[in-house]
Amino acid sequence: MTSPTADVSVRVAWSADAEAIATVQVRAWRHGYAGVLPQEVLDSLDAQVMAAQWSEAIERPAEARTRVLVALDRATVVGFALTAVADDPDADPAVDGQVAEFVVAPEQRRAGHGSRLVQACADTMVADRFTRATIWVTSTDDALRGFLTEAGWAPDGAHRELDLTGDGSTLVKQVRLHTGLGPASTG
């Protein structure tokens, strides 16, 4: 007799997933940005507004190579990612893709969902004919940076500072990681 296996997967998001994606995003941001963003900003995150934005991204992506992926535990969305054409000034849109969002619910981390999701991002970008990929990571997010480094991503020396409020009061520093895509890639 074989032991049961978990029903976990990653697939392209459907419109019906928008609310679940937004719910995971709010939980993850409140967890991950606690102490980074002002509490009133975290408290003001609105899952309904975010769900409408995700619905738009799923139903009418801004570019043909924009994809929303969801990580599932049975039928429950436990993570999501957004792949797209890289929009950095030094990117070549013909070959450079980006993981613009990569989120796993805090209570679902270390269960393999992130590994499946990052592999699905790479597979999706290869299918979209990208040969390189980038992702911006908050400089203080050692867990995500370590996870991605173990998965073959590496810093490329680029960094930026985002002004989240527009007045300089809430700055978030990020570093960019990159990896090669496809069978001949070395990272």
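Quick grid of which residues meet (1) surrounded by fewer than 17 Cβ atoms within 10 Å (Cβ to Cβ); (2) aromatic (F, W, Y); (3) within 14 Å of the chain's Cα centre (by Cα):
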position	(1), (2), (3)
D7	yes, no, no
Q25	no, no, yes
M50	no, no, no
S55	no, no, no
T76	yes, no, no
Q108	no, no, no
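Within the group D123, D87, D163, D156, which residue is free of Cβ contacts under 8 Å to residues at least 60 places away in the same chain and surrounded by fewer than 12 Cβ atoms within 10 Å (Cβ to Cβ)?
Only one candidate qualifies: D163.
Which of (1) at pLDDT 95 or above; (2) over 24 Å from S139 (Cβ atoms) is the odd one out, the single condition A6 does not satisfy?
(1)
I'm told F80 meets every condition in (1) surrounded by fewer than 21 Cβ atoms within 10 Å (Cβ to Cβ); (2) in a strand (DSSP E or B) except one. Can you identify the failing condition by its number?
(1)
Could you run through the stretch 144-158 and say how many residues are of a type in the set (D, E, K, R) and not in a helix (DSSP H, G or I)?
The total comes to 1.
Here are some conditions: (1) touching a Ser or Thr at 6+ places or on another chain (Cβ under 9 Å); (2) of a type in the set (V, I, T); (3) farther than 24 Å from G166 by Cα. V36 meets all but one. Which one does it not meet?
(3)
Examine the stretch 159-171 for a residue that is of a type in the set (K, R), more than 24 Å from P61 (Cα to Cα) and part of a strand (DSSP E or B), and state whether such a residue exists.
yes
Which pairs have Cβ atoms under 9 Å, sit 6 or more apart or on different chains, and link a residue in the stretch 41-67 that is farther than 21 Å from G97 by Cβ and in contact (Cβ under 8 Å) with a residue 24 or more places away in the chain to one that is of a type in the set (F, W, Y) and assigned to a loop (DSSP other than H, G, I, E, B)?
Close Cβ pairs satisfying both conditions: V41/Y33.
Scan the stretch 91-111 and tell me whether some residue there is touching a residue at least 40 places away in the same chain (Cβ under 8 Å), in a helix (DSSP H, G or I) and more than 25 Å from D7 (Cα to Cα).
Checking the stretch 91-111: not a single residue is touching a residue at least 40 places away in the same chain (Cβ under 8 Å), in a helix (DSSP H, G or I) and more than 25 Å from D7 (Cα to Cα).
Results for (1) touching a Leu at 6+ places or on another chain (Cβ under 8 Å); (2) of a type in the set (D, E, K, R), shown as yes or no for each residue.
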residue	(1), (2)
A94	no, no
E101	yes, yes
R109	no, yes
S115	no, no
A122	yes, no
A127	no, no
I135	yes, no
D141	no, yes
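The values are calculated or read from the model by the stated rules, or taken from the named source; none is laboratory data. In this text the structure is predicted, and so the values were computed from the model without any measurement. So basically every Cβ, Gly included, is an ideal-geometry build from the backbone, and we count neighbours across all protein chains shown.
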